[in-house]
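The values are calculated or read from the model by the stated rules, or taken from the named source; none is laboratory data. None of these values were measured; they are calculated from a predicted model. Because the Cβ atoms are built from the backbone with ideal geometry, glycine has one as well, and the counts that use them run over all protein chains shown. For accessibility, only protein heavy atoms count, side chains too; no ligands or nucleic acids. Shrake-Rupley method; radii C 1.70, N 1.55, O 1.52, S 1.80 Å.
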Amino acid sequence: MERPAWAPQGIDISVPSVSRIYDFYLGGSHNFEVDRAAARKAMEFMPGLPKIMQANRAFMRRAVNYAVDAGITQFLDIGSGIPTFGNVHEVARRATPDARVLYVDHDPVAVAHSRAVLDGDEQSDVVAADLRKPRQILDSPAAGLLDLERPVALLLVAVLHFLQDEDEPYAAVAELRDALAPGSLLLLTHASFEGIPLPAERAGGAVEVYREIRNPLVMRSREQIARFFEGYEMVDPGLVSMPHWRPEGPTDQEDPYAFSGFAGVGRKA
């Protein structure tokens, strides 16, 4: 397999990558046949997976705009993946040219491509770090891009469901919360069997595909997802399906798959 210029040396491009699979769902071009094969296998069980990812991206855009309207110009996007059109820095800068964005991912493909996209951008940077190790993020030199004495919008979008319970995801989110100034926001989405227009047994087939590629999904309940917002005041309308979070128009024509999982925004008091 020929290695394209955007794929860094030292990574095994014969192994599926969650970041590249997500890129494929969004219609991006930074993926390989091995990623597309895994995505198509998952879609045999849940054909609406691309619709879920599109709803996820649409929520992110609305939530970032909400943050800017609330006066926040700093964004910490953990589990950011491969930058595709309409990423956080593009959305935020359309609303305020002063926006600063720090992307974080542990996937070397995502990090390498982010660096290429952000080359020469003095208001954005990327860190190779792991959500399970918050100090690795907060103590990185690039974290100096953000002033943690001022409010920050922390994005944990479609990432927490890749953390197992033994990874102590609640503790990691709490450590990040404690490092942020009052008035900071948590922007979060999480996969769940709740809302999926399929029997859980069939949806479980797609979950099994991710287990096979050694990136198992944890499908948490609404109650379990709400625990990530401890220490935050929920912003209306609370923890809801992605299309129902401050929609810009009617939602009755949305694809049923778009209502899978939950999204919410919380404000640190």
Unmet criterion (only one of (1) in a loop (DSSP other than H, G, I, E, B); (2) open to solvent by 70 Å² or more (accessible area, probe 1.4 Å); (3) at pLDDT 95 or above) for D130: (2)
Identify all residues within the stretch 194-215 that are open to solvent by 50 Å² or more (accessible area, probe 1.4 Å) and closer than 24 Å to R62 by Cβ; write none if there are none. E194, P197
Tally, over the stretch 98-112, of residues that are in a helix (DSSP H, G or I) and open to solvent by less than 20 Å² (accessible area, probe 1.4 Å): 3
If you check G266 against the conditions, is it under 27 Å from R40 (Cα atoms) and either in contact with an Asp or Glu (Cβ under 8 Å, 6 or more places away or on another chain) or not aromatic (F, W, Y) (or both)? no
Hey, among the residues in the stretch 134-177 that are without any contact (Cβ under 8 Å) to a residue 24 or more places away in the chain and assigned to a loop (DSSP other than H, G, I, E, B), which one's surrounded by the most Cβ atoms within 10 Å (Cβ to Cβ)? S140
The conditions are (1) more than 23 Å from S19 (Cβ to Cβ); (2) touching a His at 6+ places or on another chain (Cβ under 8 Å), and D147 fails exactly one of them. Which is it? (2)
Check whether at least one residue in the stretch 2-24 is over 25 Å from G205 (Cα atoms) and either buried (at least 20 other Cβ atoms within 10 Å of the Cβ) or under 19 Å from the mean Cα position of the chain (by Cα) (or both), and report yes or no. no
Given the structure, is A95 within 30 Å of L198 (Cα to Cα), without any contact (Cβ under 8 Å) to a residue 40 or more places away in the chain and surrounded by fewer than 24 Cβ atoms within 10 Å (Cβ to Cβ)? no
So R222, is it modelled with pLDDT of 95 or more, within 19 Å of the chain's Cα centre (by Cα) and among the basic types (K, R): yes
Selection within the stretch 35-70 - touching a Lys or Arg at 6+ places or on another chain (Cβ under 8 Å), part of a helix (DSSP H, G or I) and over 24 Å from V111 (Cβ atoms): F45, R62, Y66
Might you let me know whether the stretch 216-233 holds any residue that is open to solvent by 30 Å² or more (accessible area, probe 1.4 Å) and more than 25 Å from R132 (Cβ to Cβ)? yes
Within the stretch 71-81, is even one residue open to solvent by 40 Å² or more (accessible area, probe 1.4 Å), part of a loop (DSSP other than H, G, I, E, B) and either touching a strand residue (DSSP E or B) at 6+ places or on another chain (Cβ under 8 Å) or not basic (K, R) (or both)? yes
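Determine whether S184 is under 17 Å from A67 (Cβ atoms), among the hydroxyl-bearing types (S, T, Y), buried (at least 19 other Cβ atoms within 10 Å of the Cβ) and in contact (Cβ under 8 Å) with a residue 60 or more places away in the chain.
Judged against the criteria, S184 is a match.
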